Amino acid sequence: MTQSSAQHFSRREFARLLAGGAFLAGSFPRAASELAPAGPIRFVNAAPGNGLDFVLRNGASGRKYQVETLPGGLGVIDFDNDGWPDLYCVNGAALPSLEKSEPSFYSRLYRNNRNGTFTDVTERAGVKGRGYGMGVAVGDYNNDGLEDLYVVGVHGNTLYRNNGDGTFTDVTKVAGVGGTDAKGRKLWSIAAAWIDYDNDGRLDLFVSNYCDWEPGIDPVCGGLAKDSRTYCHPDIYRSEPMLLYHNNGDGTFTEVSRAVGLADLLGKGMGVAVADFDANEHPGLFVANDHARNLLIRNVGGTVQETGVEAGVAYNGDGREISGMGADFGDIDGDGRPDIVMTGLRGETFEVFANRGDGNFEDASAASGILALTHTVSGWGCGLIDLDNDGWLDMFVAGGGLDSDDLQPNRIFRNQGGHFTNVSATVSPDFGIARLHRGTAFADFDHDGRIDVAVTSLNAPLELWMNRSPERHWLQLKLHGTQSNRSAIGARIICKSGSRTQVRTVANSVGYASSSDLCIHFGLDAERIASAEIHWPSGVTQQLTDLHANQRIEITEPAGKSAPNGKVPVVTPPEKRKKNPDTT
C-alpha cells in the first residue's frame with residue numbers, strides 16, 4: 001500500500017503538523033487550504049417550508065445506549081412512478097424498548113408534488129416502519145417496474161413491496177429477509193445494497209451488520225454519573241457477519257453467505273458502496289467498517305471474493321483501522337476508473353483509495369487534498385457527485401461527531417482536476433449550521449439539471465439543499481432493464497462529450513445507510529452534444545449518439561447482445577408508466 005510522501009511521520013501526525021503550521025506550503029505542493037478560493041457551487045435549504053418536516057428521533061435520554069448515535073439513513077424512491085424523485089426517511093424508536101411508541105418515531109415517505117413541495121403520504125402508504133431503524137435500500141426486486149423499500153435496523157429488517165397504487169405491503173416474513181444469522185440470532189443492521197451478484201436478472205441483497213448489542217446488557221462507559229457517560233468504543237462489542245441474500249425469483253430469498261464463501265466475513269459494517277471497480281462487467285462492493293478492516297468484495301459472475309487486504313483498501317495509509325462511516329465509489333481523477341472515498345471521525349482524516357486499474361488501489365488521501373482538509377472533521381454520509389456540472393465529481397459530506405458536544409457543519413469539497421478544495425464557506429449563508437448530521441441522499445428533485453442533497457441530523461429537522469449553482473450543460477439517463485434487472489443496477493455507462501470521457505456504474509447505495517436516485521447524472525460543462533455506451537449486466541452493449549444536453553432520457557434495454565449505433569434512444573413513454581391515483 002502506498003504511503004504518504006511524509007516519510008518520517010504517520011499520516012495522522014502529518015495532518016496535525018499541517019494544522020499547526022509546521023510545514024510551509026511548498027512542503028506539500030498539492031494540499032488545499034481551508035481558505036482556498038470558492039468554486040461556483042451554491043445551495044439553498046428548502047426544508048421544512050416545502051413540506052419535508054421530518055425530524056430524526058433517536059430516543060436518547062442520557063443513558064448513552066450505543067444505538068442512539070447511529071440512525072439516520074434516507075432513500076430516494078420514485079414510488080408512484082411519475083418520473084420525479086420522492087423521499088423516504090428512516091427513524092429511530094423509544095429506548096430501551098426499541099418500539100415506535102408514538103408518531104414522532106415513525107419513518108416518513110414524502111411524495112414529490114413536482115412544484116417544489118412535498119406531501120407526507122406515510123400513513124396511506126403503510127410504511128411508518130417498526131423497531132429502531134437505521135438505513136434503507138431502494139430497488140425493484142421483483143422486476144415489476146416499481147421501486148421497493150428494504151429498511152434495516154436494530155434486530156429486525158423490513159421489506160416493503162410496492163403495490164403500484166400508492167401503498168406498500170410488508171413481505172418480510174414470506175421473503176425471508178428479516179436480518180438474522182444462520183443460527184436465527186437477530187442482528188443489528190446499518191446499511192444494505194441491492195446488487196445482482198450472479199447476473200441472473202434479479203436483484204440480490206447485501207446487508208452490512210454492526211455490533212452484537214442488547215439494550216439490557218449494554219455496558220456503561222465513561223463514568224457512572226449521568227453527565228459523565230460516553231458512548232462505548234466499538235472494540236467493546238463483538239463483530240457481526242455480513243449477509244448476502246439470493247433472489248429466488250418467486251418473491252423469496254435464500255441467505256447464501258456461507259454458500260458463496262462469506263460465512264466468516266465479520267465486521268462492524270457501516271456504509272456500503274457498489275461499482276464495477278475492476279471493469280469485468282460484474283459490480284462489486286466496498287464496506288466501510290468501524291474500527292475493523294474494510295471489506296472489498298470482488299464479483300466474478302456469481303463467485304465472490306473478499307480482497308480488501310490484497311487490494312489495499314482494508315486499512316488507511318498508515319495501515320490502521322479508522323472509524324469508517326460512509327463510503328462511495330466515483331472516478332475522482334478522470335481516468336475512467338471508480339475510486340473509493342470513506343469518511344471517519346475527527347483526528348483520523350478521511351480516506352481516498354485511487355483505483356490502479358488492476359483490481360487494486362493505492363492511498364491517495366494526500367494527493368487528492370482530502371488528508372489536509374479533514375483532520376478536524378467528522379463525517380458520516382457522503383457522496384461523489386458533480387455539483388457544478390463541470391464534469392468532475394465533487395464530494396459532499398454530512399458533518400457531525402458522536403455526541404451533542406461535537407456538532408459540525410456539512411462540507412463540500414470541490415473537485416478541480418482530481419484535487420479537492422473546500423468551498424463550504426461560500427455555498428450558502430446558512431450552510432454552516434452545526435448539527436449531528438448523518439445520512440445523505442442525492443437527486444435532482446426539481447428537474448433543473450442540478451443535483452440536490454437531502455441530509456438528516458439527530459433530533460433536528462431534515463435539510464434539503466437545493467442546488468442553485470450557475471447553470472452548465474448536463475445529461476441524465478434513467479435505465480430500465482429487460483434481460484438485466486429492471487433497476488439496471490450494475491450497468492456501466494461511458495459518456496463522451498468533446499474531450500471528456502466519464503464512466504459511471506448504475507448503483508444507489510451511497511454514503512451512510514442511504515440510497516440515492518438511480519438516474520445517472522453527467523455534467524457536460526460547455527458541451528451540448530454527448531454520446532453514451534451502455535454495458536448492461538446481461539452482456540448487451542448499446543450505443544447512443546448525438547444526445548443533446550439538458551435532458552433526462554429514459555432508456556430501455558434492447559434485445560440481443562448488441563445494439564447498433566443510433567441517434568434516437570429507446571424511451572419509455574410516460575403514458576405507459578403506472579400512476580399513483582393520488583398524484584396530481
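The values are calculated or read from the model by the stated rules, or taken from the named source; none is laboratory data. Bear in mind the structure is a predicted one, so any value in this text is a computation, not a measurement. Please note: Cβ atoms are built from the backbone with ideal geometry, for glycine as well, and neighbour counts cover all protein chains shown. Note: accessible area is taken over every heavy atom of the protein model, side chains too, but ligands, DNA and RNA are not part of it. Shrake-Rupley method; radii C 1.70, N 1.55, O 1.52, S 1.80 Å.
Could you estimate the translational diffusion coefficient of region 307-399 from the Stokes-Einstein equation, with Rh from the Kirkwood formula over C-alpha pairs, at 20 °C and 1.002 mPa s, in whole µm²/s?
162 µm²/s
Give the carbon-plus-sulfur fraction of the accessible surface of region 68-158 in %, rounded to a whole number; probe 1.4 Å, heavy atoms of protein chains only.
Numbers: 1050 of 2270 Å².
In region 68-158, the share of accessible area belonging to carbon and sulfur is 46 percent.
Can you compute the modelled spin-label distance between K226 and N280, with each label point 7 Å from Cα toward Cβ, in nm?
Here the answer is 5.6 nm between the modelled labels.
Put K173, K268 in order of accessible area, largest first, 1.4 Å probe: what do you get?
Ranking K173, K268 by accessible area, largest first, yields K173, K268.
Over every pair of different alpha-carbon atoms in region 352-418, take the mean of 1/r and invert it; report that Kirkwood radius in Å.
13.3 Å
How do Y210, Y106, Y315 rank by accessible surface area computed with a 1.4 Å probe, from largest to smallest?
Descending order: Y315, Y106, Y210.
What FRET efficiency do you get for K183 and R124 if R0 is 35 Å and r is their Cβ-Cβ distance, rounded to the nearest 0.05? Numbers along the way, then the final one.
Numbers: r = 38 Å, r/R0 = 1.09.
Efficiency for this residue pair is about 0.35.
Taking a Cβ-Cβ separation under 4.7 Å as the criterion for a possible partner, which cysteines of the chain have none?
C89, C211, C382, C495, C519
D for region 381-509, whole µm²/s, Stokes-Einstein with Kirkwood Rh over alpha-carbon pairs at 37 °C and 0.692 mPa s: what number?
Rounded to a whole number, D works out at 203 µm²/s.
So which of K100/K173; K186/K478; K173/K478; K100/K268 end up more than 29 Å apart by C-alpha?
K186/K478; K173/K478
How much solvent-accessible surface does K186 expose, in Å² to the nearest 10, with a 1.4 Å probe and all protein chains in place?
The accessible area of K186 comes to roughly 120 Å².
Kirkwood hydrodynamic radius, computed over distinct alpha-carbon pairs, for region 232-284: how many Å, to one decimal?
13.5 Å
Note down the magnitude of the dipole of region 266-413 about its Cα centre, charges +1 on Lys and Arg C-beta and -1 on Asp and Glu C-beta and zero elsewhere, to the nearest 20 debye.
Using only the charged Cβ atoms, the result is roughly 380 debye.
Send over a whole-number figure in Å² for the accessible area per residue of the chain, probe 1.4 Å.
Numbers: 20170 Å² over 584 residues.
I get 35 Å² per residue for the chain.
About the Cα centre of the chain, how large is the charge dipole given +1 on each Lys and Arg Cβ and -1 on each Asp and Glu Cβ? Please answer in debye to the nearest 20.
Result for the chain is approximately 460 debye, rounded to the nearest 20.
Express the relative contact order of the chain as a whole percentage, based on alpha carbon pairs under 8 Å and six or more residues apart in sequence.
Relative contact order comes out at 16 percent.
With all protein chains present, calculate the accessible area of H535 using a 1.4 Å probe and round the result to the nearest 10 Å².
Answer for H535: close to 30 Å² accessible.
Would you list R411, R258 from the most to the least accessible area, probe 1.4 Å?
R258, R411
Classify region 258-360 as rounded, prolate or oblate, taking a ≥ b ≥ c as the square roots of the eigenvalues of its Cα gyration tensor: rounded when a/c is under 1.5, otherwise prolate if a/b is larger than b/c and oblate if not. Walk me through the numbers on the way to the answer.
On the way: a/c = 1.95, a/b = 1.14, b/c = 1.71.
The shape class here is oblate.
Which order do peptides 230-238, 159-167 fall in by mean Cβ count within 10 Å, highest first? Kindly include the intermediate steps, with their values, before the conclusion.
On the way: 230-238: 14.7, 159-167: 20.0.
Per-residue mean Cβ counts within 10 Å order the peptides as 159-167, 230-238.
Between T169 and N550, 0.36 nm times their residue separation minus their Cα-Cα distance comes to what?
Result for the pair: 133.5 nm of gain on full extension.
Set Lys and Arg Cβ to +1 and Asp and Glu Cβ to -1, take the dipole of the chain about its Cα centre, and tell me which of C89, F286, F329 lies farthest positive.
About the Cα centre, the residue reaching furthest to the positive side is C89.
Which of rounded, prolate, oblate describes region 176-324, given a ≥ b ≥ c as roots of the alpha-carbon gyration tensor eigenvalues and a/c under 1.5 marking rounded, otherwise prolate only if a/b is larger than b/c?
oblate
Which FRET efficiency, nearest 0.05, do S97 and D448 yield, Cβ-Cβ r, R0 45 Å? Write down the numbers at each step before the final one.
Details: r = 44 Å, r/R0 = 0.97.
Once the sixth-power term is evaluated, E becomes 0.55.
So what's the net charge close to E533: Lys and Arg +1, Asp and Glu -1, counting the other residues with Cβ under 12 Å from its Cβ?
+3
Where does the charge balance sit around G391 when Lys and Arg score +1, Asp and Glu -1, over other residues with C-beta under 13 Å from its C-beta?
So the surrounding residues net to -3.
Can you give the charge dipole size of region 40-156 about its Cα centre, rounded to the nearest 20 debye, using +1 on the beta carbon of Lys and Arg and -1 on the beta carbon of Asp and Glu?
Details: 11 positive and 14 negative charges, 119 e Å.
Computed about the Cα centre, the dipole is about 580 debye.
Using only the Cα atoms of the chain, build the gyration tensor, take square roots of its eigenvalues as a ≥ b ≥ c, and label the shape rounded, prolate or oblate: rounded if a/c is under 1.5, else prolate if a/b is larger than b/c, else oblate. The partial results should precede the final answer.
Values: a/c = 1.30, a/b = 1.07, b/c = 1.22.
Rounded shape, in that the Cα axes give a/c under 1.5.
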